[in-house]
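The values are calculated or read from the model by the stated rules, or taken from the named source; none is laboratory data. In this text, all values refer to a predicted model and were calculated from it rather than measured experimentally. FYI the Cβ positions are ideal-geometry reconstructions off the backbone, even for glycines, and counts take in every protein chain you see.
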Amino acid sequence: MINLSGGTEIMGCFVLPSPVVPLKPSTLWGPGLGMDVDVFDDDGRPVRGRPGYLVAKKPAPSMTRGLWRDPERYIETYWSRFPGVWYHGDYALIDEDGFWYILGRADDVIKVAGKRIGPAEVETIVNSHPDVAESACIGYPHPVKGEVIVCFAIPKPGRSLGPEQVRQVKEMVAQRLGKPFEPEAVVPVRDLPRTRSGKIMRRIVRDAVLGRQVEQTPVLENPDSVTAVKEAAEELKKLMR
């Protein structure tokens with residue numbers, strides 16, 4: 001199975017492997033052919049060994065030239081964060097061996113007591129529990145830490161997520177990522193909103209949990225999942241009291 005990272009706006013790939021290169025689990029090996037991509041910190045400097053923002057330092061032949069009847073929005077969205085550099089909006093990491101990880105959308109990043117983490121890092125661990133099928137982790141407001149991590153997890157068929165399973169999930173995350181990133185709550189949910197290509201829409205999860213207006217979007221494959229998340233959010237409120 002070949003994984004890659006690209007975008008509708010470039011009609012191609014930023015990062016991808018091929019069948020003839022070595023890989024680590026969940027990595028994308030490195031830049032696509034002809035792509036000058038990097039990972040920047042908040043100040044626009046390349047970073048290694050810690051998460052940052054996926055950028056393209058030079059245009060690609062298939063990169064869009066603008067947005068229909070809205071050129072200002074195009075510049076603001078893609079070219080203003082780091083002047084002259086394409087800001088893709090993904091959170092990424094290049095490890096000590098040069099392998100690339102895509103950690104999720106930058107606007108999904110959770111900030112716990114000043115420490116940032118991509119939700120995909122937490123979800124990978126949560127999903128490795130034998131009773132968990134899928135999960136979505138978001139930042140939940142906290143008066144002291146700013147945000148804490150809460151996870152909504154779909155149990156595997158015939159399985160359940162009771163207090164013991166929840167304890168195990170929390171311990172797994174704490175052991176792998178450190179105690180500060182241990183989820184404050186792990187809440188069972190019967191479904192999660194996803195696109196037609198299967199991507200979980202954390203933004204919709206976050207809006208539903210925080211009581212915001214949930215945007216109606218045609219790419220949502222399972223609209224009933226919003227109700228499922230809202231029901232789980234009621235359970236979360238009880239746990240957070």
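Being modelled with pLDDT under 90, among the aliphatic types (A, V, I, L, M) and on the phi < 0 side of the Ramachandran plot is true for just one of 47, 21, 55. Which residue is that?
On the way: 47 fails: modelled with pLDDT under 90; 55 fails: modelled with pLDDT under 90.
Being modelled with pLDDT under 90, among the aliphatic types (A, V, I, L, M) and on the phi < 0 side of the Ramachandran plot holds for just one of 47, 21, 55, which is 21.
Suppose we filter the range 36-52 for residues that are in a loop (DSSP other than H, G, I, E, B), more than 23 Å from residue 122 (Cα to Cα) and touching a strand residue (DSSP E or B) at 6+ places or on another chain (Cβ under 6 Å); how many remain? Steps first, please.
Here is the first cut: in the range 36-52, the ones in a loop (DSSP other than H, G, I, E, B) are 36, 41-45, 47-51.
If we keep only those that are more than 23 Å from residue 122 (Cα to Cα) as well, we get 36, 43-45.
Adding the requirement that they be touching a strand residue (DSSP E or B) at 6+ places or on another chain (Cβ under 6 Å) leaves 44.
Of the residues in that region, 1 qualify.
For residues that are hydroxyl-bearing (Ser, Thr, Tyr), under 22 Å from residue 237 (Cβ atoms) and exposed (fewer than 14 other Cβ atoms within 10 Å of the Cβ), tally how many sit in the range 115-172. Working first, answer last.
Applying the first criterion (hydroxyl-bearing (Ser, Thr, Tyr)) to the range 115-172 yields 124, 128, 135, 140, 160.
Okay, now just the ones that are also under 22 Å from residue 237 (Cβ atoms), so 135, 140, 160.
From what is left, the residues that are exposed (fewer than 14 other Cβ atoms within 10 Å of the Cβ) are 160.
Number of matching residues: 1.
Quick check on the range 98-118. Is at least one of its residues closer than 18 Å to residue 29 by Cα, out of contact with any strand residue (DSSP E or B) (no Cβ under 7 Å at 6 or more places or on another chain) and either of a type outside the set (D, E, K, R) or modelled with pLDDT under 95 (or both)?
Taking the range 98-118 first, the residues closer than 18 Å to residue 29 by Cα are 98-104.
With out of contact with any strand residue (DSSP E or B) (no Cβ under 7 Å at 6 or more places or on another chain) added as a condition, the list becomes 99.
Within this subset, residues satisfying the condition of being either of a type outside the set (D, E, K, R) or modelled with pLDDT under 95 (or both) are 99.
So far as the range 98-118 goes, yes, one or more of its residues are closer than 18 Å to residue 29 by Cα, out of contact with any strand residue (DSSP E or B) (no Cβ under 7 Å at 6 or more places or on another chain) and either of a type outside the set (D, E, K, R) or modelled with pLDDT under 95 (or both).
Condition (residue is modelled with pLDDT under 95, in a loop (DSSP other than H, G, I, E, B) and surrounded by 13 or more Cβ atoms within 10 Å (Cβ to Cβ)) applied to the range 218-225: is it met by at least one residue?
The answer is yes; a qualifying residue exists.
Condition check: on the phi < 0 side of the Ramachandran plot and part of a strand (DSSP E or B). Does residue 93 satisfy that? Outline the logic, then answer.
Details: on the phi < 0 side of the Ramachandran plot: yes; part of a strand (DSSP E or B): yes.
So residue 93 passes the test.
For (1) aromatic (Phe, Trp, Tyr); (2) more than 23 Å from residue 27 (Cα to Cα); (3) assigned by TED's automatic domain parsing to the domain that holds residue 52; (4) part of a helix (DSSP H, G or I), each residue gets a yes or a no:
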| site | (1), (2), (3), (4) |
| --- | --- |
| 122 | no, no, no, yes |
| 133 | no, no, no, no |
| 158 | no, yes, no, no |
| 187 | no, yes, no, no |
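Every residue, every condition in (1) in contact with a strand residue (DSSP E or B) (Cβ under 9 Å, 6 or more places away or on another chain); (2) in contact (Cβ under 8 Å) with a residue 60 or more places away in the chain; (3) surrounded by 12 or more Cβ atoms within 10 Å (Cβ to Cβ); (4) not hydroxyl-bearing (Ser, Thr, Tyr), yes or no:
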{"residue": "7", "(1), (2), (3), (4)": "yes, yes, yes, yes"}
{"residue": "12", "(1), (2), (3), (4)": "yes, no, yes, yes"}
{"residue": "19", "(1), (2), (3), (4)": "no, no, no, yes"}
{"residue": "33", "(1), (2), (3), (4)": "yes, no, no, yes"}
{"residue": "58", "(1), (2), (3), (4)": "yes, no, yes, yes"}
{"residue": "61", "(1), (2), (3), (4)": "yes, no, no, yes"}
{"residue": "81", "(1), (2), (3), (4)": "yes, no, yes, yes"}
{"residue": "85", "(1), (2), (3), (4)": "yes, no, yes, yes"}
{"residue": "94", "(1), (2), (3), (4)": "yes, no, yes, yes"}
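When you check residue 68 against the structure, is it modelled with pLDDT of 90 or more and in a loop (DSSP other than H, G, I, E, B), yes or no? Spell out the reasoning first.
Details: modelled with pLDDT of 90 or more: yes; in a loop (DSSP other than H, G, I, E, B): yes.
When the stated conditions are applied, residue 68 passes them.
Report yes if residue 94 is closer than 21 Å to residue 199 by Cβ and within 23 Å of the chain's Cα centre (by Cα), otherwise no.
no
Being among the β-branched types (Val, Ile, Thr) and either part of a strand (DSSP E or B) or closer than 16 Å to residue 177 by Cβ (or both) is the filter here, so list the residues in the range 135-148 that pass it. Lay out the reasoning, then the answer.
Of the range 135-148, the ones among the β-branched types (Val, Ile, Thr) are 138, 144, 148.
138, 148 - these are the residues of the range 135-148 that are among the β-branched types (Val, Ile, Thr) and either part of a strand (DSSP E or B) or closer than 16 Å to residue 177 by Cβ (or both).
Mind listing just one residue for me: the one in the range 184-199 that is touching an Asp or Glu at 6+ places or on another chain (Cβ under 7 Å) and in contact (Cβ under 8 Å) with a residue 40 or more places away in the chain and, of those, farthest from residue 102 (Cα to Cα)?
In this case the residue turns out to be 187.
Select from the range 100-114 the residues that are of a type outside the set (A, V, I, L, M) and either part of a strand (DSSP E or B) or closer than 12 Å to residue 50 by Cα (or both) and list them in ascending order. Lay out the reasoning, then the answer.
Of the residues in the range 100-114, the ones of a type outside the set (A, V, I, L, M) are 100-101, 104-105, 107-108, 111, 114.
Listed by number, the residues that qualify are 100, 101, 104, 105, 111.
Each row is one residue, and each column tells you yes or no for (1) in a loop (DSSP other than H, G, I, E, B); (2) under 19 Å from residue 140 (Cβ atoms).
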| residue | (1), (2) |
| --- | --- |
| 150 | no, yes |
| 165 | no, no |
| 171 | no, no |
| 190 | yes, no |
| 230 | no, yes |
